[in-house]
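Asks: Let me begin by handing over the structure; questions about it come next.
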Amino acid sequence: MPREIRDVVFVDGVRTPFGKAKGQYAETRADDLVIKCIRELLRRNPSLPPERVEEVAIAATTQIGDQGLTIGRTAALLAGLPNTTPGYAIDRMCAGAMTAVTTTASGIAFGAYDVVVAGGVEHMGRHPMGEGVDPNPRIISEKLVDTSALVMGSTAENLHDRFPTITKARTDAFAAASQERAAKAYANDLIQPDLVPVATRSAELGWGLATTDEPMRPGTTVEDLAKLKTPFRPHGRVTAGNSAGINDGATACLLTSAEAAEELGLKPKMKLVSYGFVGVEPEVMGIGPVPATDKALKLAGLTIDDIQAFEVNEAFAVQVLAFLEHYGIADDDPRVNPYGGAIAYGHPLASSGVRLMNQLAQQFEQRPEVRYGLTTMCVGLGMGGTVIWENPNWEGNAA
Ligand SMILES: CC(C)(COP(=O)(O)OP(=O)(O)OC[C@H]1O[C@@H](n2cnc3c(N)ncnc32)[C@H](O)[C@@H]1OP(=O)(O)O)[C@@H](O)C(=O)NCCC(=O)NCCS
């Protein structure tokens, strides 16, 4: 049967406000956060009949309890999608939602379906990193990885060792800038449009409504950051201030074929160009975005100079700076994370990929001179993922 690869578009993306572990979502279920996102996508896109959603892929790193039971399927049913809509769960740790997007997008391109919901969740308060894991002892005894590879903060210290030019002063300056950019983006209402408020309940405090990202620390200065402890190594460089924290949150986006978007009257915010996932040494997992980006660029026939908007996940400042240093981009380049990143908003692991996409879509809307942008992230156990997107608002389209 002859087949054509079809164009895939990102129509819309939403997320819950992110929480601090044991914070605003302490008594909220993880699956309820996902359901909220799916319902919001349907509410915001009323021309999409729910029965046209043909797949729901939701990522979670810890697939236990309220993040288990094939969360894509359970969340779809609970969100009120018809029982004819299938769903599944996905895991690539921090790149879970990103992988949910690329996997379902590939299904759209192949013609398996037209409309999907892809996203992720991590309630790190209810499911601490490493909950229930049982690593095969051979991983360590046969030295497949160094023991430090299993502690993400230690991999960030290792990355500092590999890049001695990336000093703590630089990572702290980057972290303070992330907080400042996030505060500015909030002041300009660039983040809130994609947040879905979540009703919360606390046995002690009663009902509440989560409307903002709880981890943000506006006003953070480099002087504040210089005083923090380095929990991953004595006299190290990685601190609570220049890392993402331990967070709760969910994201979801609507992807369709370009034809289905047109048929259903849905306006695309981004068009998928290419993607790449790679493996690197697990001990320095933070370098993953570099070869992943090289791969995605090569597949797209582009170079780094063609990319004018970047959303780099800030698991740790050092890992963003290693990426920028590799490509000769300045630490404070305004094209990189202009609305702040995970250091400010938080990084509920498997959900973060779609937060990056939401912010890139916002960059595309604000900056019609930009044609191509990318979202990229490092991944535990030594991986990287990059997705390259094209801006449908690009002014060159009108020429
Ligand atoms: C780094 C880490 C261990 C810190 O955990 P923590 O100690 O519970 O963090 P806290 O939020 O309590 O912050 C520690 C201290 O730093 C302070 N702090 C944090 N950010 C700050 C900021 N921006 N400005 C000033 N102070 C700050 C806190 O107030 C706290 O101070 P206190 O001890 O006086 O109360 C944890 O956030 C972590 O593991 N992050 C990485 C997560 C991860 O690996 N993700 C996967 C990536 S691949």
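The values are calculated or read from the model by the stated rules, or taken from the named source; none is laboratory data. What you are looking at is a predicted structure, and each value in this text was computed from that prediction instead of being measured. Counting neighbours? That spans all protein chains shown, and the Cβs are built from the backbone with ideal geometry, glycine included.
Asks: What are the residues in segment 13-51 that are touching a Ser or Thr at 6+ places or on another chain (Cβ under 9 Å) and surrounded by fewer than 19 Cβ atoms within 10 Å (Cβ to Cβ), if any?
Replies: E27, P50, E51
Asks: Let me ask something else. Restricting attention to segment 303-313, does a residue exist that is buried (at least 21 other Cβ atoms within 10 Å of the Cβ), under 16 Å from the mean Cα position of the chain (by Cα) and not in a strand (DSSP E or B)?
Replies: yes
Asks: Filter segment 244-258 for residues that are closer than 30 Å to F163 by Cβ and either more than 15 Å from the chain's Cα centre (by Cα) or part of a loop (DSSP other than H, G, I, E, B) (or both) and give the result.
Replies: Matches in segment 244-258: A244, G245, I246.
Asks: Shifting gears a bit: Out of the residues in segment 228-260 meeting the condition of being within 7 Å of the ligand (Cβ to nearest atom) and polar (S, T, N, Q), tell me which one is nearest to A342 (Cα to Cα).
Replies: S243
Asks: Out of A261, A296, report the one residue that is in a helix (DSSP H, G or I) and over 22 Å from the mean Cα position of the chain (by Cα). Steps first, answer last, please.
Replies: On the way: A296 fails: over 22 Å from the mean Cα position of the chain (by Cα).
Sole residue among the options that is in a helix (DSSP H, G or I) and over 22 Å from the mean Cα position of the chain (by Cα): A261.
Asks: Do you know which of the residues in segment 130-174 that are surrounded by 15 or more Cβ atoms within 10 Å (Cβ to Cβ), part of a helix (DSSP H, G or I) and β-branched (V, I, T) is modelled with the lowest pLDDT?
Replies: Filtering segment 130-174 for residues that are surrounded by 15 or more Cβ atoms within 10 Å (Cβ to Cβ), part of a helix (DSSP H, G or I) and β-branched (V, I, T), the one modelled with the lowest pLDDT comes out as I139.
Asks: Report the residue count in segment 169-190 for those that are within 14 Å of the ligand (Cβ to nearest atom) and not polar (S, T, N, Q).
Replies: Residues meeting the conditions: 10.
Asks: Could you grab the pairs with beta carbons closer than 8 Å, sequence gap of 6+ or different chains, first residue in segment 219-246 and within 14 Å of G346 (Cα to Cα), second one near the ligand (Cβ under 6 Å from one of its atoms) and of a type in the set (S, T, Y)?
Replies: Close Cβ pairs (under 8 Å, with a partner that is near the ligand (Cβ under 6 Å from one of its atoms) and of a type in the set (S, T, Y)) amount to G241/T220.
Asks: Kindly evaluate P82 against the criterion of being more than 22 Å from E131 (Cβ to Cβ), at pLDDT 95 or above and either out of contact with any Leu (no Cβ under 9 Å at 6 or more places or on another chain) or charged (D, E, K, R) (or both).
Replies: Spelling it out, P82 is indeed more than 22 Å from E131 (Cβ to Cβ), at pLDDT 95 or above and either out of contact with any Leu (no Cβ under 9 Å at 6 or more places or on another chain) or charged (D, E, K, R) (or both).
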